[in-house]
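Everything on this sheet refers to the single structure shown next.
The values are calculated or read from the model by the stated rules, or taken from the named source; none is laboratory data. This one's a predicted model, so the numbers in the text were calculated from it and none came from an experiment. Cβ placement follows ideal geometry from the backbone for every residue including glycine, while neighbour counts extend to all protein chains displayed.
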Amino acid sequence: MKQLDDTTTLSNGVKMPWFGLGVYKVEDGRTATDAVRTAISYGYRSIDTASFYQNEIGVGEGIRQAGIPREKLFVTSKVWNDQQGYEKTLQAFSDSLEKLGLDYLDLYLIHWPVKGRYKDTWRALEKLYRDKKVRAIGVSNFHVHHLENLMAGAEVKPMVNQVEYHPHLTQQPLKSFCERQNIQLEAWSPLKRGQLFENQVLAEIGEKYQKTIAQVILRWDLQNHVVTIPKSIHADRIRENADVFDFSLSDEDMRAIDALNRNDRSGTNPDSYDEK
Ligand code: NDP
C-alpha cells in the first residue's frame, strides 16, 4: 500500500480502494457535498454512504462536482433494516441509485443482520449483482454465525463484511474467519468516533513516526489488511487522515496496538441489536 488509490482485490476480481471517506452523521446538502468533493480532490476514490444516513443526494452532488470519471470512483451504499426483504430491497437499491444520481453502485451492503429477513435481502442483492447493477455485494455487522447461516443458502458469497473495528475492538476470530473465506474485512468507526485520541500507547507511537494518533490507527488498519473509511467533514482532517502512505509501523508497534484490544464497542453488538 503505497498510495491513496491502492486497492484490494475482492473475491470476484473487483478492485476496492483500501481507504475511503465515511459519511455517517454528515448532514445532507452542502456539508455532504463539500466533504465528498474535498476528499476526492485530495485523492480519495472511495465513498461509504447508506440510505440510513439520509445524505445520498448531497453525496451524489459531491461526486458530480468532483469531476472525476465515474469508473475511477468506488461508491458504497447499504440497505437499511426496514427496507429488508426481497422486493423492498430491490426498491431500496433503486431509490439509493436515484438519490445518488448514479446508474450503478460499486458495493451494496446489508446494513445489519435483521433476524428472519437477511436471507431474503441477500437474494435481492444476488439479483442486483447478476443484473450488473452493482459490481460487488456484501454485508455489515455480521458475526461468524450470521455469515455461516447466510452462506449456507447463498449462490453468491459476500465479498465484504463491514464491521466496527479499531484498537479497542480487533475482532480477531471474525477477522481470521473472513480471511479464510476470502471476505474482505472493512472497518467502521476506525477512530472509535474520537475515543482513542487520549491513548498513551498510540500517542507514543505517533511521536516516534511524527504522525497523529488518527494516522497511526489508520495505518494500523491498512497493515492489518483491513479496508478503512474514517469520517470527517473538515478539510484539514480529511487530508490528515489520508496522509498515511509515507510510513510503516514496525512489527513491534503493530503488536503493541493489537494488544490494546478490550473487545469494547462504541456501537451496538449485532447479537443484541434492536431491529428498527
Ligand atoms: P470514525 O471513527 O471515523 O470517527 C469520526 C469522528 O472522528 C468524527 O467525530 C470526526 O469529526 C472525528 N475525526 C475524524 N478524523 C479526525 C482527526 N484526524 N482528528 C480528530 N478527530 C477526527 O467514526 P464513524 O462512526 O463515522 O465511522 C466511519 C464510517 O464508517 C462512517 O462515517 C460510516 O460511513 C461507516 N459506519 C458504518 C456503520 C455500519 O453499521 N455499517 C456504523 C458506523 C459507521 P469531524 O467530522 O468533525 O472531523
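When the residues of region 1-45 are filtered to those that are in a strand (DSSP E or B) and among the aliphatic types (A, V, I, L, M), which remaining residue is surrounded by the fewest Cβ atoms within 10 Å (Cβ to Cβ)? First the steps, then the outcome.
Step one: of region 1-45, the residues in a strand (DSSP E or B) are 7-9, 15-17, 19, 21-22.
Next, from what is left, pick out any that are among the aliphatic types (A, V, I, L, M): 16, 21.
On the way: Met16: 23, Leu21: 27.
Looking at residues that are in a strand (DSSP E or B) and among the aliphatic types (A, V, I, L, M), I get Met16.
Restrict the check to region 259-276 and report whether at least one residue is modelled with pLDDT of 95 or more, within 11 Å of the ligand (Cβ to nearest atom) and either exposed (fewer than 13 other Cβ atoms within 10 Å of the Cβ) or over 30 Å from His145 (Cβ atoms) (or both).
No: region 259-276 contains no residue that is modelled with pLDDT of 95 or more, within 11 Å of the ligand (Cβ to nearest atom) and either exposed (fewer than 13 other Cβ atoms within 10 Å of the Cβ) or over 30 Å from His145 (Cβ atoms) (or both).
Within region 219-240, count every residue that is in contact with a helix residue (DSSP H, G or I) (Cβ under 6 Å, 6 or more places away or on another chain) and within 11 Å of the ligand (Cβ to nearest atom).
Counting residues in region 219-240 that are in contact with a helix residue (DSSP H, G or I) (Cβ under 6 Å, 6 or more places away or on another chain) and within 11 Å of the ligand (Cβ to nearest atom) gives 6.
Checking Tyr118 against (1) closer than 17 Å to Glu56 by Cβ; (2) within 14 Å of the ligand (Cβ to nearest atom); (3) hydroxyl-bearing (Ser, Thr, Tyr), which single condition isn't satisfied?
(1)
Which count do you get for residues in region 129-142 that are surrounded by fewer than 20 Cβ atoms within 10 Å (Cβ to Cβ) and either touching a helix residue (DSSP H, G or I) at 6+ places or on another chain (Cβ under 8 Å) or under 27 Å from Thr268 (Cβ atoms) (or both)?
As a first pass, look at region 129-142 and keep what is surrounded by fewer than 20 Cβ atoms within 10 Å (Cβ to Cβ): 129-133.
Subsequent filtering for residues that are either touching a helix residue (DSSP H, G or I) at 6+ places or on another chain (Cβ under 8 Å) or under 27 Å from Thr268 (Cβ atoms) (or both) retains 133.
Total satisfying the criteria: 1.
Would you pick out the residues in region 203-218 that are touching a residue at least 24 places away in the same chain (Cβ under 8 Å) and within 12 Å of the ligand (Cβ to nearest atom)?
Passing the criteria: Lys211, Thr212, Ala214, Gln215, Val216, Ile217, Leu218.
In this structure, does His146 turn out to be at pLDDT 95 or above, over 18 Å from Val226 (Cα atoms), touching a strand residue (DSSP E or B) at 6+ places or on another chain (Cβ under 8 Å) and buried (at least 19 other Cβ atoms within 10 Å of the Cβ)?
Working: at pLDDT 95 or above: yes; over 18 Å from Val226 (Cα atoms): yes; touching a strand residue (DSSP E or B) at 6+ places or on another chain (Cβ under 8 Å): yes; buried (at least 19 other Cβ atoms within 10 Å of the Cβ): yes.
Yes.
Given (1) out of contact with any strand residue (DSSP E or B) (no Cβ under 6 Å at 6 or more places or on another chain); (2) closer than 27 Å to Arg255 by Cα; (3) crowded, with 22+ Cβ neighbours inside 10 Å, identify the lone condition not met by Ser176.
For Ser176, the exception is condition (3).
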